[in-house]
């Protein structure tokens, strides 16, 4: 058994999960209802059955309504926020693998560590993280002849 250093102790992780669960239950949400939308997440949600998509939208609308009214659900209506976790997480992981494979086959994959080229070999005009940043390098004067 290999032991690795974990900077966050287990009791802190448990307390954090308990607090997150309590907050989600107060509004009747599931864990995946509050995730940040990404292309993989949007695709995974679109692949869910119609009933699950509709239930997700209802939960989100109810949570927004409760938040605007500054109230929470009574404890008798609280349900487990992790009830759909496995289903959505498996679909999300599968979708992310598909998108990663597509990006790699299209030659659009960017390797942070262990890639074929190091970070300083990238052409700054072609990399996504430099686009839209003004004055990223000094302008070279053009010589007139």
With the condition kept exactly as written, say whether any residue in segment 1-20 is within 19 Å of the chain's Cα centre (by Cα) and within 30 Å of residue 101 (Cβ to Cβ).
no
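If the requirement is being loosely packed, with under 11 Cβ neighbours inside 10 Å and at positive phi, which of these qualifies: 70, 10?
70
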In segment 60-93, which residue that is in contact (Cβ under 8 Å) with a residue 12 or more places away in the chain and more than 16 Å from residue 24 (Cβ to Cβ) is nearest to the chain's Cα centre (by Cα)?
92
In segment 21-54, how many are closer than 14 Å to residue 81 by Cα and free of Cβ contacts under 8 Å to residues at least 12 places away in the same chain?
4
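For segment 1-31, what are the residues that are under 29 Å from residue 57 (Cα atoms) and modelled with pLDDT under 85?
The answer is none; no residue qualifies.
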Among the residues of segment 42-51, are any under 26 Å from residue 26 (Cβ atoms), surrounded by 10 or more Cβ atoms within 10 Å (Cβ to Cβ) and modelled with pLDDT under 90?
no
Quick test of your reading of the structure: residue 57 fulfils all but one of (1) within 17 Å of the chain's Cα centre (by Cα); (2) more than 15 Å from residue 83 (Cα to Cα). Name the failing condition by number.
(1)
Has segment 23-38 got any residue that is farther than 25 Å from residue 97 by Cβ, out of contact with any strand residue (DSSP E or B) (no Cβ under 7 Å at 6 or more places or on another chain) and surrounded by fewer than 16 Cβ atoms within 10 Å (Cβ to Cβ)?
yes
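The values are calculated or read from the model by the stated rules, or taken from the named source; none is laboratory data. Bear in mind that the values here come from a model prediction, so they are computed numbers and not experimental data. Here the Cβ is made from the backbone with ideal geometry for all residues, glycine too, and neighbour counts use every protein chain on show.
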